[in-house]
Amino acid sequence: MITFDKVDKFYGDFHVLKEINLTINQGEVVVVIGPSGSGKSTMLRCINRLESITSGSLTVNNVEVNDKKTDINKLRRNIGMVFQHFYLYPHKTVLQNIMLAPIKVLGISEKEAKETAEFYLKKVGIPDKANSYPSQLSGGQQQRVAIARGLAMKPDIMLFDEPTSALDPEMIGEVLDVMKALAKEGMTMVVVTHEMNFAKEVADRIVFMDQGEIVEEAIPAEFYENPREERARIFLSRIL
Ligand code: ADP
Ligand code: MG
């Protein structure tokens with residue numbers, strides 16, 4: 001569903017992604033970990049072309065992401081993204097936040113958008129917050145709204161960039177639970193997170209990055225119990 005084939009990316013002279021090769025199949029959950037500055041966010045952002053690649057091939061559903069002929073809006077409609085900070089519209093209610101893109105981008109009716117929004121709000125466990133404003137919600141609830149907003153576009157792929165790193169510890173679990181449920185329903189997910197229990201429970205694979213390279217790719221049990229690469233071992237000893 002997503003393939004990186006010898007992908008390189010530079011920011012000016014800075015080589016941020018180095019010959020990335022990675023294939024993510026439909027329904028797979030891939031967790032990306034690695035030190036700060038290793039290129040995790042950049043790699044994720046290339047998938048929906050928030051960043052463009054310098055060379056190599058990157059395809060989503062067999063469509064070359066960086067091809068001039070690619071309909072970028074169509075590509076992005078199919079890929080939901082959840083960030084560390086939630087970026088909800090403060091002056092819109094929770095329901096309005098979720099309804100906005102389906103109405104504007106998919107052109108569905110207000111009525112249908114409302115039903116869809118209510119459905120996903122229920123799914124993330126806060127149907128009672130429909131008419132609240134983001135500031136009236138906890139961080140964990142706001143992040144769940146952000147996930148519902150992504151799901152309301154009915155994407156094939158969901159990207160998560162450190163979705164729990166800005167949350168107070170007691171709110172991390174409720175967001176991870178929503179993500180776990182999504183994973184178990186078969187959503188294709190790429191998740192940058194250092195939450196090991198989440199990774200162990202739902203990830204099909206761990207991708208460890210360092211200095212712009214994929215250093216190691218392994219199933220979670222192998223990676224956490226017995227990483228092959230020295231750099232992965234050092235990294236794990238720091239975060240665990
Ligand atoms: P990670 O998510 O693993 O922390 P990033 O992908 O955010 O890493 O960043 C990788 C490297 O690229 C960092 O050294 C960062 O400073 C640099 N970088 C990120 N975005 C830009 C940019 N827009 N211009 C120049 N350098 C950038
Ligand atoms: Mg990052």
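List of remarks:
- Once the C-beta distance of residue 91 and residue 54 is scaled by a Förster radius of 41 Å, the resulting FRET efficiency is 0.60 to the nearest 0.05.
- Model label sites at residue 62 and residue 219, defined 7 Å from Cα along the beta-carbon direction, differ in position by 2.9 nm.
- Extension reserve of the residue 122-residue 180 stretch, reckoned as 0.36 nm per residue once the Cα distance is removed: 19.3 nm
- In the chain, the longest principal axis of the Cα atoms and the axis of helix 110-123 are about 60 degrees apart.
- Length gained when the stretch residue 100-residue 240 is fully extended (0.36 nm per residue, less Cα-Cα span): 46.4 nm
- Taking segment 179-212 and a reference point 7 angstrom along Cα→Cβ of residue 156, the backbone N atoms nearer than 12 Å belong to 188.
- Inter-site label distance for residue 204 and residue 36 at 7 Å from Cα along Cβ, in nm: 3.2 nm
- Placing unit charges on each Cβ (+1 for Lys and Arg, -1 for Asp and Glu) gives the chain a dipole about its Cα centre, and among 179, 207, 224 the Cα reaching farthest toward its positive end belongs to 179.
- Only protein atoms count toward the accessible area here, which uses a 1.4 Å probe; on segment 150-240, the carbon and sulfur part of that area reaches 44 percent.
- Cα-based helix-to-principal-axis angle, 169-184 vs the chain, degrees rounded to 10: 90 degrees
- The chain, accessible area per residue, ligands and nucleic acids excluded (1.4 Å, Å²): 48 Å²
- Distance violations [Cα-Cα > 21 Å] among 111/154; 114/154; 74/122: 74/122
- Gyration tensor (alpha-carbon) shape descriptor, the chain, a/c threshold 1.5: oblate
- For residue 160, distant residues with modelled amide H under 5 Å away: 82, 190, 191, 192
- For segment 189-201, 3J(HN,Hα) computed residue by residue from phi via the Karplus equation (6.51, -1.76, 1.60; θ = phi - 60°) reads 9, 10, 10, 8, 7, 9, 6, 5, 5, 4, 4, 5, 6 Hz, glycine and proline entered as x.
- Gain in span if fully extended, residue 170 to residue 70, counting 0.36 nm per residue against the direct Cα distance: 31.8 nm
- Cα centroid separation - segment 200-235 against segment 86-134, whole Å: 37 Å
The values are calculated or read from the model by the stated rules, or taken from the named source; none is laboratory data. Quick caveat: nothing in here was measured; it's all calculated off a predicted structure. Cβ sites come from the backbone with ideal geometry, for glycine too, and all protein chains shown count toward neighbours. With ligands, DNA and RNA removed, areas are computed over all heavy atoms of the protein, side chains included. Shrake-Rupley method; radii C 1.70, N 1.55, O 1.52, S 1.80 Å.
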